[in-house]
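The values are calculated or read from the model by the stated rules, or taken from the named source; none is laboratory data. Since we're looking at a predicted model, the values are computed, not measured. Cβ atoms come from the backbone with ideal geometry, glycine included; neighbour counts cover every protein chain shown. Areas reflect the complete protein model, heavy atoms only, side chains present, ligands, DNA and RNA absent. Shrake-Rupley method; radii C 1.70, N 1.55, O 1.52, S 1.80 Å.
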Amino acid sequence: MTPEKIVILTGAGISAESGLSTFRDAGGLWAQHRVEDVATPEAYQRDPTLVHAFYNARRTRAAEAEPNAAHIALARLEAKHPGDVLIITQNVDDLHARAGSRNLVHMHGRLMGALCHACQHRWPAPREMRATDPCPACNAAQTRPDIVWFGEVPYGAEIIDPALSAADLFVAIGTSGNVYPAAAYAQHTARLGAHTVQINLEAASNARDFAESHFGPATDVVPKWVESILRR
Ligand code: APR
């Protein structure tokens, strides 16, 4: 069979069963914190210590978490179809990479990355980061997590846009479909002829954009869905 071009978008739901909080579920991160206090450039300028505390806690939890069966199944799919599977993740944890996925774009950045707000230099993040940590390149004391905050431009468009145009199959896993541009990918790829699949605990806000839906926990549904693809 001709390998299909498969584009997979993941959200916080795929890491939920690894013990990491989602954003909009009951008790999620946006129930505990205000976006404007911890996830905007203005928040960082106003109170960098509070912003770093938010991300330091998430970095520690992500480092202690393990990839789950859903992450591992997606890495297996890529291994069987090298070059034909791209994961676009909204997640900032490193569980896809630790599960073995390689063709991977972190469109909202990475907890394990540090970024200099002054010169844009990037380096591996220490477990606990402070704004006053000097930049290894320019020595400025404007260190921030390498995270794309609300109001900033997501990473990876140069990879994402061509991949969406070429997709035969677009699959969204564990995302509530509330944040753009990712929430528009299903409608966009469907218009270009791709088959669209939603895998989630419940119907996402953009559920009507999908031709096929599978509801249930990612660690149960994703491995079964991958097996159905590999059997074709
Ligand atoms: N299995 C599958 N899906 C799950 C599971 C699970 N075990 N647990 C939760 N979900 C689903 C929820 O039903 C929800 O639809 O995952 C989705 C998580 O939605 P959000 O919390 O909104 O997370 P996400 O869609 O990734 O948010 C997108 O918003 O705040 C920004 O930058 C942040 O990247 C994030 C973006």
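Determine, yes or no, whether Leu20 is touching a Ser or Thr at 6+ places or on another chain (Cβ under 8 Å) and within 12 Å of the ligand (Cβ to nearest atom). Even if it seems obvious, please write down each step before you answer.
On the way: touching a Ser or Thr at 6+ places or on another chain (Cβ under 8 Å): no; within 12 Å of the ligand (Cβ to nearest atom): yes.
Considered against the rule, which asks whether it is touching a Ser or Thr at 6+ places or on another chain (Cβ under 8 Å) and within 12 Å of the ligand (Cβ to nearest atom), Leu20 comes out as no.
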| message | Please go through the range 190-202 and give me each residue that is more than 22 Å from Glu227 (Cα to Cα) and either touching a Ser or Thr at 6+ places or on another chain (Cβ under 7 Å) or among the acidic types (Asp, Glu) (or both), ordered by number. | response | Ala190, Leu192
| field | Close pairs (9 angstrom Cβ cut-off, 6 or more residues apart or separate chains): among the hydrophobic types (A, V, I, L, M, F, W, C) in the range 52-81, exposed (fewer than 15 other Cβ atoms within 10 Å of the Cβ) and part of a helix (DSSP H, G or I) anywhere | value | Phe54/Asp37; Ala69/Asp220; Ala70/Asp220; Ala73/Lys224; Ala73/Glu227; Leu77/Leu230
| request: Could you grab me the full set of residues in the range 184-194 that are part of a helix (DSSP H, G or I) and buried (at least 22 other Cβ atoms within 10 Å of the Cβ)? | output: Tyr185, Ala186, Thr189
| Odd one out for Lys224 among (1) of a type outside the set (Asp, Glu); (2) more than 12 Å from the ligand (Cβ to nearest atom); (3) surrounded by 20 or more Cβ atoms within 10 Å (Cβ to Cβ); (4) under 13 Å from Ala70 (Cα atoms) | (3)
| Pairs where the first residue, in the range 200-215, is of a type outside the set (A, V, I, L, M, F, W, C) and the second is near the ligand (Cβ under 10 Å from one of its atoms) and part of a strand (DSSP E or B), C-beta under 6 Å, 6+ apart | Ser213/Gln198; His214/Ile199
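Based on what the data block shows, is Gly109 on the phi > 0 side of the Ramachandran plot, within 16 Å of the ligand (Cβ to nearest atom) and of a type in the set (Gly, Ala, Ser)?
Numbers: on the phi > 0 side of the Ramachandran plot: yes; within 16 Å of the ligand (Cβ to nearest atom): yes; of a type in the set (Gly, Ala, Ser): yes.
Here the answer is yes, as Gly109 does meet what is asked.
For the range 202-214, which positions are touching a helix residue (DSSP H, G or I) at 6+ places or on another chain (Cβ under 6 Å) and either within 25 Å of Arg232 (Cα to Cα) or open to solvent by 40 Å² or more (accessible area, probe 1.4 Å) (or both)? Quick ask: steps written out before the conclusion?
Residues of the range 202-214 that are touching a helix residue (DSSP H, G or I) at 6+ places or on another chain (Cβ under 6 Å), as a first pass: 206, 209-210, 214.
Listed by number, the residues that qualify are Asp209, Phe210, His214.
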| task | Can you confirm whether the range 64-78 contains a residue that is at pLDDT 95 or above, among the aliphatic types (A, V, I, L, M), over 30 Å from Leu164 (Cα atoms) and open to solvent by 50 Å² or more (accessible area, probe 1.4 Å)? | result | no
| request: Hey, can you tell me all the residues within the range 198-219 that are under 18 Å from Ala70 (Cβ atoms) and more than 13 Å from the ligand (Cβ to nearest atom)? | output: Glu212
| If a residue has to be surrounded by fewer than 18 Cβ atoms within 10 Å (Cβ to Cβ) and either within 18 Å of Asn91 (Cβ to Cβ) or touching a residue at least 60 places away in the same chain (Cβ under 8 Å) (or both) to count, how many in the range 125-152 make the cut? | 7
| task | With the condition kept exactly as written, say whether any residue in the range 163-177 is open to solvent by 20 Å² or more (accessible area, probe 1.4 Å) and closer than 20 Å to Ala26 by Cβ. | result | yes
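Are there helices (runs of 4 or more DSSP H) fully within the range 1-51 with at least 1 residues that are in the same structural domain as Ala184 (by TED's automatic domain parsing) and either open to solvent by less than 40 Å² (accessible area, probe 1.4 Å) or among the small types (Gly, Ala, Ser) (or both)? List them. Outline the logic, then answer.
Values: elements: 13-16, 29-32, 35-38, 41-46.
In the range 1-51, 13-16 are the helices (runs of 4 or more DSSP H) which contain 1 or more residues that are in the same structural domain as Ala184 (by TED's automatic domain parsing) and either open to solvent by less than 40 Å² (accessible area, probe 1.4 Å) or among the small types (Gly, Ala, Ser) (or both).
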| task | Identify the residue in the range 195-222 that is acidic (Asp, Glu) and outside any loop (DSSP other than H, G, I, E, B) and, among all such residues, is farthest from the chain's Cα centre (by Cα). | result | Glu212
